[in-house]
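Peer 1: A single structure is presented below for examination.
The values are calculated or read from the model by the stated rules, or taken from the named source; none is laboratory data. Owing to the predicted nature of the structure, the values given are computational and were not obtained by experimental measurement. Cβ sites come from the backbone with ideal geometry, for glycine too, and all protein chains shown count toward neighbours. To get the accessible areas, we keep the full protein, side chains included, count just its heavy atoms, and leave off ligands, DNA and RNA. Shrake-Rupley method; radii C 1.70, N 1.55, O 1.52, S 1.80 Å.
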Amino acid sequence: MNKVFIKLSFALALVLSVFPATAFAQESYILGAGDKVAIKVYGQDDLTIETLLGNSGKINYPFLGEITIAGLSVKQLEQVIEKGLKGDYLVSPNVYAQVVEYRPFYIHGEVKQPGSYPYHPGMTINQAVALAGGLTERADEDKISLFKEGDKSNKQNASLAYKVHAGDTITIEQRFF
């Protein structure tokens, strides 16, 4: 029994090392304006595209026309394309989609270089602060606010360990002393 458990543990560790966390994150990531996506149908080079998702949330895809992809996960996008191509154009399409470039997050307040920065799956506020050049000497680590994309009126109190998502806005307040 112990040998089986050890072999299964080794196999799981091997799988996790081969497939990075970003591959798992893409399955739950929700597409939105500013994301750059690539779609490929194996064996069908004419159906391979790379496109930036605009404010409309729609893309033009060969043979399917205009389709709305904002609000879908990458997996759901693959299913929509597969369903659209199946039957009329292809018998069994093998569709692969991925986010090539994520929409940015925003950080302002008491950081050395406020602005927008590229999002990376699994990012924390601490990592976002590092991208922005670090905290200023007046920054208050206890007064960090996080505004989720699409809900700018709902301010959340956060810490440096909080997860950031694409499109989020981080505010670092100033301390008085």
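Peer 1: Which of the numbered conditions does Val99 fail, given that it passes all the others? Conditions: (1) without any contact (Cβ under 8 Å) to a residue 60 or more places away in the chain; (2) over 16 Å from Ile170 (Cβ atoms); (3) of a type in the set (A, V, I, L, M).
Peer 2: Evaluating Val99 over (1) without any contact (Cβ under 8 Å) to a residue 60 or more places away in the chain; (2) over 16 Å from Ile170 (Cβ atoms); (3) of a type in the set (A, V, I, L, M) leaves (1) as the failure.
Peer 1: Picking from Glu149, Glu137, which residue would you name as being open to solvent by 40 Å² or more (accessible area, probe 1.4 Å), under 10 Å from Glu110 (Cα atoms) and not aliphatic (A, V, I, L, M)?
Peer 2: Testing whether each residue is open to solvent by 40 Å² or more (accessible area, probe 1.4 Å), under 10 Å from Glu110 (Cα atoms) and not aliphatic (A, V, I, L, M) leaves just Glu137.
Peer 1: What is the residue count in the range 91-109 for residues that are out of contact with any helix residue (DSSP H, G or I) (no Cβ under 7 Å at 6 or more places or on another chain), not in a strand (DSSP E or B) and not polar (S, T, N, Q)?
Peer 2: 4
Peer 1: Another one. If you go through the range 51-69 one residue at a time, how many are within 16 Å of the chain's Cα centre (by Cα) and closer than 18 Å to Val95 by Cβ?
Peer 2: 3
Peer 1: Against the definition (over 21 Å from Thr51 (Cβ atoms), open to solvent by 80 Å² or more (accessible area, probe 1.4 Å) and part of a strand (DSSP E or B)), how does Asp88 come out, yes or no?
Peer 2: no
Peer 1: Please go through the range 117-129 and pick out each residue that is free of Cβ contacts under 8 Å to residues at least 40 places away in the same chain and over 15 Å from the mean Cα position of the chain (by Cα).
Peer 2: Answer for the range 117-129, where residues must be free of Cβ contacts under 8 Å to residues at least 40 places away in the same chain and over 15 Å from the mean Cα position of the chain (by Cα): Asn126, Gln127.
Peer 1: Across the range 91-103, what is the number of residues that are under 30 Å from Gly133 (Cα atoms) and open to solvent by 40 Å² or more (accessible area, probe 1.4 Å)?
Peer 2: Residues that pass the stated criteria total 3.
Peer 1: Which one is nearest to Ser28 (Cα to Cα), of the residues in the range 113-157 that are assigned to a helix (DSSP H, G or I) and small (Gly, Ala, Ser)?
Peer 2: Of everything passing the filter in the range 113-157, Ala128 is nearest to Ser28 (Cα to Cα).
Peer 1: Restricting attention to the range 158-173, which residues are farther than 11 Å from Phe105 by Cβ, part of a loop (DSSP other than H, G, I, E, B) and open to solvent by less than 70 Å² (accessible area, probe 1.4 Å)?
Peer 2: Of everything in the range 158-173, those that are farther than 11 Å from Phe105 by Cβ, part of a loop (DSSP other than H, G, I, E, B) and open to solvent by less than 70 Å² (accessible area, probe 1.4 Å) turn out to be Ser159, Leu160.
Peer 1: Considering the range 47-79 alone, what residues qualify as being more than 14 Å from Tyr102 (Cα to Cα), open to solvent by less than 40 Å² (accessible area, probe 1.4 Å) and assigned to a strand (DSSP E or B)?
Peer 2: Leu47, Ile49, Ile59, Tyr61, Gly65, Ile67
Peer 1: Residue check: is Arg175 basic (Lys, Arg) and farther than 30 Å from Leu77 by Cβ?
Peer 2: yes
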